[in-house]
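K.L.:
What follows is a single structure, and I will ask about it in a moment.
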Amino acid sequence: MTDHIALNAGHGGETHQVTDADHPVLTTNHGMPVSDNQNQLKAGQRGPVLLEDEVYREKINHFDHERIPERIVHARGTGAHGYFECTESLADITRADLFQKKGQRTDVFVRFSTVAGGAGSIDTPRDVRGFAVKFYTREGNWDLVGNNIPIFFIQDAIKFPDLVHSVKMEADRGYPQAATAHDTFWDFISLMPEATHMAMWIMSDRTLPKSFATMEGFGIHTFRFVNKEGRSTFVKFHWKPKAGLASALWDETVKTAGADPDYQRRNLFERIGRGDYPEWELGVQLFDEAFADSQPYDVLDATKIIPEEVLPVRIVGKLVLDRYPDNFFAETEQVAFCPSHLVPGIDHTNDPLLQGRLFSYQDTQIKRLGSTNWHQIPINQAKGRDGGCPFLNMQRDGHMQMQVPKGRANYEPNSLHLAGEIGGPREDLENGFKSYPAEEEGQKLRIRAESFADHYSQARLFWRSMDPAEQAHIASAFVFELSKVSIEHVRVAMMANLRNVDEELARRVADGLAMELPEASPTKAPVIDMEPSPALRIIRGPREMHTLEGRTVGIFFADGTDAADLKKVKDAVKAAGGHPLTIAPKVGAVPLSDGSTVKADAQLFGQPSVTVDACAVILSDEACAKLVKEGAAVQWVMDAFGHLKAIGHNASAKPLLDKAGVEPDDGVTDLGGFVEAAKQRYWDREAKVRTLA
Ligand code: HDE
């Protein structure tokens, strides 16, 4: 308990100290109690500082080394703890312990990230999101290191450094940060036809998720499940958000970046703090060799999906994130994922992108965390078995060794146990990990399989599966990005590729750029028309979000607002599972109609409507008359309308809505109808507010 505020004058300094009656003693890292944490040791009152000052030297020395290298990709991210629960036993398909019993829980740590930007970049660029899950199973850690898009840019890991160099800040100028809209990225993509399918996805709303809790996740590659009899089944992993899918609009995401660069990590932190735990279902697509052979693409090619309409996703578990890390660095920054971390019952396939990843992650962790003992850092430790640390082997020593192994047996086999000494661990032939004995033969070659040659059919499938509103967003995103390309031939090369995807798409983008359509680029394999997959839609798709649960509703009020109306809307939002956030021109004390005063949660300038999911405006006549002359208030409402959000309002707020250009539609309601209306966006409004390609 804080008992007094002391002025620690030290020796000439002045510090306001808030001290605690039973605070612990501040010490150096070596445990020596510190008497003065305000002043360096000096020779005389105004003299030079002394090298012998261990209190200062140790402190500054530690500080100088506080940063570790940021991740070369996925540097910007945030994480949370939670659990995975098996909801359907897969015992016949895999021997993996976590899938054996319905109801069985496994602890997890999940890290979400953007890909291209540095650690200090914004949360809401147009970018793929990482969705990496570490399962602390009873048979070791399994890392499912996926993304929020079910495919990838490239087919072979050897192209990864080129891809990443092209998308990151350009080498000479050091910008743009966290953006694909620049020459080098589109130069590379235009020269890599295999990236066309992914280009379609990244130009779609998938790269603008409204929050982590409302996006899907995918393991991307085809993996194997192996059961107790040694039978293998191919598997693709899917995470389906319980809340449904919701993305932001481009204009909204750009403004969010300015209003709150930490928007998505804050959203995750606050949801968990409120008890609105983000939740996903784990789905699997299971198939055999015969199914794989029957498809018009190769299941080992990471630029391809298996449409859900062709092979349904079976739900087998759920993931709940219910605890925020205690310390960002210790947990979120130091967590180290490796796709090579498997558990018995799960195995790799020959996907050349996956195979390349198996080396890269282990390698990067040693660089980033500085020691081969990074598995001993608490967040990375295998801890599933009996709560104890289950790793046990003859690996020894190295930087930052934390274990103190007993005895002489640091090799295996040994017979020291026969002499009464510690013999150490041994293999477990029965239960230990066994690789699936896939048959392999053939010449050693640097080659891309012929079955990987079709680069356009699934890009076309994606485009044709989209809702018209999504198609307009995709075409407009291409126009925006290619407008930022300054080298003419790069734009032309990209347009030549798009012609192979769909003529209408190419024409719309060319119109938006006011350029002639070039000849289509040559294709290595015929482009086929696959059956569209409506499951790929967000807008008006089967999983579009239609709830207030976990979402934030901004309630804009001011001096003189009707107290009963304010309470009614707050209560109704809460009853629907939403989070009401009151926003006023001044936060401290807002007088209401009944003479009471309330605090607002946020201030108008600091909480623009881009930061909330739906908007209520409850004003008095007098306040409204003032606010129509306040740019931030007009913009608040204008953006809510422009971002296709529900707007509930009382009669007195109407002049502000009129000033903001709000036109009547199903999403503009009185306060009574607001909460129901607030569960969705109003896509039909979009044509009224912007011109899309
Ligand atoms: Fe990664 N990737 N990656 N990646 N990746 C890394 O590992 C790499 C790929 C993904 O939250 C790095 O710890 C190669 C696909 C996520 O900590 C690095 C290739 C997918 C994360 C690396 C890929 C991913 C990473 C950088 C080409 C989706 C963040 C720091 C074959 C399935 C994990 C690190 C976290 C991180 C290499 C492609 C997802 C350098 C060589 C495909 C979610 O090891």
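The values are calculated or read from the model by the stated rules, or taken from the named source; none is laboratory data. Remember, it's a predicted structure, so these values are computed and weren't measured experimentally. Note: ideal-geometry Cβ built from the backbone for every residue, glycine included; neighbour counts use all protein chains shown. Heavy atoms of the whole protein, side chains included, go into the accessibility calculation; ligands, DNA and RNA do not. Shrake-Rupley method; radii C 1.70, N 1.55, O 1.52, S 1.80 Å.
K.L.:
Can you list the aspartates and glutamates whose alpha carbon is less than 12 Å from that of residue 626, not counting same-chain residues fewer than 8 positions off?
P.N.:
559
K.L.:
Something else now. In the chain, what percent of the accessible surface is made up of carbon and sulfur (1.4 Å probe, ligands and nucleic acids excluded)?
P.N.:
Summing carbon and sulfur atoms, their accessible area is 53 percent of the total for the chain.
K.L.:
Same structure, new question: Counting only helical runs of four or more DSSP H residues, what would the 222 nm mean residue ellipticity of the chain come to if each run contributes -39,500 (n - 2.57) and the total is spread over all its residues?
P.N.:
-7500 deg cm²/dmol
K.L.:
Quick check for you: with a 1.4 Å probe and neighbouring chains kept, what is the accessible area per residue of segment 552-689, in Å²?
P.N.:
Ligands and nucleic acids excluded, the figure is 41 Å² per residue.
K.L.:
So, one more: Give me the extension gain from residue 362 to residue 408: residue separation times 0.36 nm, minus the current Cα-Cα distance, reported in nm with one decimal.
P.N.:
Taking residue 362 through residue 408 to full extension adds about 13.7 nm, to one decimal.
K.L.:
Pick out, in residue order, every one of the GluC sites (Glu not before Pro) in segment 174-250 that is DSSP loop and has at most 16 other C-beta atoms within 10 Å; say none if there are none.
P.N.:
Sparse-neighbourhood loop GluC sites (Glu not before Pro): 229.
K.L.:
Any idea of the accessible area per residue across segment 331-448, 1.4 Å probe, to the nearest Å²? Don't skip to the answer; put the middle values down first.
P.N.:
Working: 7860 Å² over 118 residues.
So segment 331-448 comes to 67 Å² accessible per residue, rounded to a whole number.
K.L.:
Taking the convex hull of the alpha carbon atoms in segment 552-689, what volume per residue do you get, in Å³?
P.N.:
Value for segment 552-689: 87 Å³ per residue.
K.L.:
OK, next. Apply the Karplus parameterisation 6.51 cos²θ - 1.76 cosθ + 1.60, with θ equal to phi minus 60°, to every residue of segment 674-688 and state each ³J(HN,Hα) to the nearest whole Hz, in sequence, with x for glycine and proline.
P.N.:
5, 4, 5, 5, 6, 7, 8, 9, 10, 5, 5, 6, 4, 4, 6
K.L.:
Now for a separate question. Calculate the FRET efficiency for residue 597 and residue 440 from the Cβ-Cβ distance with a Förster distance of 56 Å, rounded to the nearest 0.05.
P.N.:
Computed FRET efficiency for residue 597 and residue 440 comes out at 0.15.
K.L.:
To the nearest 20 debye, what is the magnitude of the charge dipole of the chain about its Cα centre, counting +1 on the Cβ of each Lys and Arg and -1 on the Cβ of each Asp and Glu?
P.N.:
In total the dipole reaches around 500 debye.
K.L.:
Something else about it: Looking at 195, 181, 62, which one has the Cα that reaches farthest to the positive end of the dipole of segment 61-211 (charges on Cβ: Lys, Arg +1; Asp, Glu -1)?
P.N.:
Working it through, the farthest residue towards the positive pole turns out to be 62.
K.L.:
What is the pair-distance distribution P(r) of the chain, computed from all Cα-Cα distances in 20 Å bins starting at 0, with each bin given as a whole percent?
P.N.:
Going out from 0 Å in 20 Å bins, the chain shows 15, 43, 32, 9, 0 percent.
K.L.:
Let me ask something else about it. What ³J(HN,Hα) values, in whole Hz, does the Karplus curve 6.51 cos²θ - 1.76 cosθ + 1.60 give for segment 533-543 when θ = phi - 60°, with x put for Gly and Pro?
P.N.:
So the J values, rounded to whole Hz, are 10, x, 4, 7, 6, 9, 5, 6, x, x, 10.
K.L.:
Here is a further query. Please work out the FRET efficiency for the pair residue 266 and residue 416, using the Cβ-Cβ distance as r and a Förster radius of 51 Å; give the result to the nearest 0.05.
P.N.:
Efficiency, rounded to the nearest 0.05: 0.40.
K.L.:
I've got another one for you. Can you tell me the order of 466-476, 151-161 when each peptide is scored by its average per-residue count of other Cβ atoms within 10 angstrom, highest first?
P.N.:
Final packing ranking: 466-476, 151-161.
K.L.:
How much length would be gained if the chain were fully extended between residue 688 and residue 62, taking 0.36 nm per residue of separation minus their Cα-Cα distance, in nm to one decimal?
P.N.:
Values: separation 626, 0.36 × 626 = 225.36 nm, distance 5.72 nm.
Gain on stretching residue 688 to residue 62: 219.6 nm.
K.L.:
Relative contact order of the chain, please, whole-number percent, based on alpha carbon pairs below 8 angstrom and at least 6 residues apart.
P.N.:
Values: 1355 pairs, mean separation 81.5, N = 693.
Reported as a whole number, the value is 12 percent.
K.L.:
Would you kindly derive the ³J(HN,Hα) couplings of segment 101-116 from the backbone phi angles with the Karplus curve 6.51 cos²θ - 1.76 cosθ + 1.60 (θ = phi - 60°), listing them in order in whole Hz, with x for Gly and Pro?
P.N.:
Whole-Hz 3J(HN,Hα) from phi for segment 101-116: 10, 4, x, 5, 10, 10, 5, 9, 10, 10, 10, 9, 7, 8, 9, 8.
K.L.:
Okay, next question. Are any of the pairs 168/679; 484/586; 240/645 more than 28 Å apart by Cα-Cα distance, and if so, which?
P.N.:
Flagged as over cut-off: 168/679; 484/586.
K.L.:
I need the calculated FRET efficiency for the pair residue 531 and residue 322, taking r as the beta carbon distance and R₀ as 35 Å, to the nearest 0.05.
P.N.:
0.35
K.L.:
Give me the distance in nm between label points sitting 7 Å out from Cα along the Cα-to-Cβ direction at residue 315 and residue 571, one decimal.
P.N.:
3.3 nm
K.L.:
Still on this structure, I have one more. Could you do me a favour and compute the accessible area per residue for segment 16-88, 1.4 Å probe, result in Å²? Could the numbers behind the result be given before it?
P.N.:
Working: 5140 Å² over 73 residues.
On a per-residue basis, 70 Å².
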